[in-house]
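Reviewing the structure listed below.
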Amino acid sequence: MKKGNVFRVEKEDSVRVITFDVPGKNMNTWTQEAIDGFYDLLSELESDLDARGVIFISGKPGNFHAGADLNLLTRMKERSEAEKALAVFHTAFKRLSSLPCPTLAAIDGHCLGGGLEFALACSARIARESEKTLLGFPECTLGIFPGSGGTQRLPRLIGLKAVELILKGEVLPAAKAYELGMIDRLVPEEGDLLKEAKRFLEEIISGREKLLRKDHDFSQMDKVAEMARKEILKTTRGREIPGPMLALKSMQEGLKGSLEQGLEVEKNNFIEVILSNQAKGSIHTFFLKTMSDKPANMMSKGFEPKAINKVCILGFGTMGRGIAIDILRRTQARVIAKDVPQALEKGKEFVNQILDGLAEKGKLKEPREEILKHLDLTSEYTDDFSDADLVLEAVIEDAKVKAKVYEDLSNVVR
């Protein structure tokens, strides 16, 4: 039986095996279609009186769940909009954790962010031990933090060790996650995850597996938070970046009360973070880096990129030299660098030294002398600038100098 296009329910006696697979995506994320399907699924499970246990397993090999769709987060503009969106996840995970039968997340591959929050809302977790199986909350590295229960459920499961994991955005292999208590059972890489999950769930249902959870002591949370705060400020050079700071605040304040109280603290802090310019900027930077690592993803369908045969570089200081070296060693493009004569001389010596070092390490595709034939140096604008395929500005960080450079450049490029 399918609930929408994402969730498929298979009834095996009194056990429900739920396979989720977001169509058309390499990784499972909380798209709107997935959220709608999950709500329908929860309604069915809540009324399924014959179900004695539920297994959640991904239909994508090597990927359990990668969490929230960051595009949905960046589109939030108003507090009321953020509150409504966040309530969707908190309500869903509360309903999941409140089901009358035990639930088991069978993890193979990445289980990150909102995917791990999904797994933490289940009664137990079993994972395949492989290189692809990684668990964690990388959100603080994106300028946000796990805001759908992560700052409350993980510490209550593994104790104060969760503070550092969340603030540093650490991602752990299955064996380490098992050692810390994030998951309850490991399956060898060559093992049958679903078969072992069914066996584990049956042990839970029968009472042979008690799932005893430690009642962690958070009386030292204030001291831990103070040390963590100093470490954050050291890392950020004194800047109070909302993501990690409010993640820490959520744990410091939220862990002093009940889970319900802690989740409310987390929700309020997450709304403040997601509406901040810093968070939106960090997510935008993440998208840019991800796209720039795979340039083809930035191109419109059917777009044919132009060949780059000639590159002009304005400024031959540290940045200009680095750009020139990268182009020279990776392409056959001709490079023309423009700067004052003394900078050109120093730059040429530097380029020679770097290429010699790369040659010694066997990292050049052709002899240094052949590579240098593609490099020309000039202290004046030449005809090469008029038909260059690409012009890169790398002059000193001085607004007046840059303004003059662009003014002159506009008169010579076509």
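The values are calculated or read from the model by the stated rules, or taken from the named source; none is laboratory data. What you are looking at is a predicted structure, and each value in this text was computed from that prediction instead of being measured. Neighbour counts run over all protein chains shown; Cβ positions are idealised from the backbone, glycine included.
Applying the condition of being more than 19 Å from Val265 (Cβ to Cβ) and under 20 Å from the mean Cα position of the chain (by Cα) to the range 74-88 and asking which residue is surrounded by the most Cβ atoms within 10 Å (Cβ to Cβ) yields Met76. What do you reckon, is Ala337 surrounded by 12 or more Cβ atoms within 10 Å (Cβ to Cβ), part of a helix (DSSP H, G or I) and at pLDDT 95 or above? So Ala337 fails the test.
For the range 1-24, the criterion of being under 18 Å from His90 (Cβ atoms), surrounded by 15 or more Cβ atoms within 10 Å (Cβ to Cβ) and of a type in the set (A, V, I, L, M, F, W, C) is satisfied by no residue at all. Close contacts from the range 135-152, counting a first residue that is closer than 22 Å to Gly109 by Cβ and modelled with pLDDT of 95 or more and a second that is assigned to a loop (DSSP other than H, G, I, E, B) and of a type in the set (Asp, Glu), with Cβ to Cβ under 7 Å and a gap of 6+ residues or different chains, come to Gly136/Glu170. Taking into account only those residues within the range 161-202 that are over 20 Å from Ser58 (Cα atoms) and free of Cβ contacts under 8 Å to residues at least 24 places away in the same chain, which is farthest from the chain's Cα centre (by Cα)? The extreme case among them is Glu179. Among the residues of the range 334-362, those identified as more than 21 Å from Ser379 (Cβ to Cβ) and in contact (Cβ under 8 Å) with a residue 24 or more places away in the chain are Ile354, Leu355, Leu358. Surrounded by fewer than 12 Cβ atoms within 10 Å (Cβ to Cβ) and either modelled with pLDDT of 95 or more or small (Gly, Ala, Ser) (or both) - does that describe any residue in the range 309-320? No, every residue in the range 309-320 fails to be surrounded by fewer than 12 Cβ atoms within 10 Å (Cβ to Cβ) and either modelled with pLDDT of 95 or more or small (Gly, Ala, Ser) (or both). Do we have Val54 as surrounded by 14 or more Cβ atoms within 10 Å (Cβ to Cβ), over 30 Å from Thr141 (Cβ atoms), modelled with pLDDT of 95 or more and in contact with a Gly (Cβ under 7 Å, 6 or more places away or on another chain) here? So Val54 fails the test.
From the list Asp40, Asp48, which residue is among the acidic types (Asp, Glu) and surrounded by 16 or more Cβ atoms within 10 Å (Cβ to Cβ)?
Asp48
Any chance the range 191-208 includes a residue that's surrounded by fewer than 24 Cβ atoms within 10 Å (Cβ to Cβ), in contact with a helix residue (DSSP H, G or I) (Cβ under 6 Å, 6 or more places away or on another chain) and either not in a loop (DSSP other than H, G, I, E, B) or not β-branched (Val, Ile, Thr) (or both)? No: zero hits. When Thr91 is tested against (1) in contact with a Phe, Trp or Tyr (Cβ under 9 Å, 6 or more places away or on another chain); (2) in a helix (DSSP H, G or I); (3) surrounded by 14 or more Cβ atoms within 10 Å (Cβ to Cβ), only condition (3) is not met.
Of all residues in the range 376-402, those that are in a helix (DSSP H, G or I) and under 37 Å from the mean Cα position of the chain (by Cα) total 2.
Of all the residues in the range 233-256, those that are surrounded by fewer than 22 Cβ atoms within 10 Å (Cβ to Cβ), under 13 Å from Arg156 (Cα atoms) and either at pLDDT below 95 or in contact with a Gly (Cβ under 9 Å, 6 or more places away or on another chain) (or both) number 1. Considered as a group, the residues in the range 277-308 that are among the charged types (D, E, K, R) and out of contact with any Asp or Glu (no Cβ under 9 Å at 6 or more places or on another chain) include one that is modelled with the highest pLDDT, and that residue is Glu304. Each residue in the range 332-357 was checked for being closer than 13 Å to Gly317 by Cβ and under 38 Å from the mean Cα position of the chain (by Cα), and 4 pass. When the criteria are applied in full, Lys400 meets the requirement of being more than 17 Å from Cys312 (Cβ to Cβ) and out of contact with any helix residue (DSSP H, G or I) (no Cβ under 8 Å at 6 or more places or on another chain). When Ala68 is tested against (1) in contact with a strand residue (DSSP E or B) (Cβ under 9 Å, 6 or more places away or on another chain); (2) at pLDDT below 90; (3) surrounded by fewer than 16 Cβ atoms within 10 Å (Cβ to Cβ), exactly one condition is not met: (3). Any idea which of (1) under 21 Å from Gly4 (Cα atoms); (2) surrounded by 19 or more Cβ atoms within 10 Å (Cβ to Cβ); (3) touching a residue at least 40 places away in the same chain (Cβ under 8 Å); (4) more than 23 Å from the chain's Cα centre (by Cα) is the one Leu99 doesn't satisfy? Leu99 satisfies all of (1) under 21 Å from Gly4 (Cα atoms); (2) surrounded by 19 or more Cβ atoms within 10 Å (Cβ to Cβ); (3) touching a residue at least 40 places away in the same chain (Cβ under 8 Å); (4) more than 23 Å from the chain's Cα centre (by Cα) except (2). Considering only residues that are farther than 18 Å from Leu72 by Cβ and among the acidic types (Asp, Glu), look in the range 23-50 and name the one that is nearest to the chain's Cα centre (by Cα). Applying the filter and picking the extreme gives Asp40.
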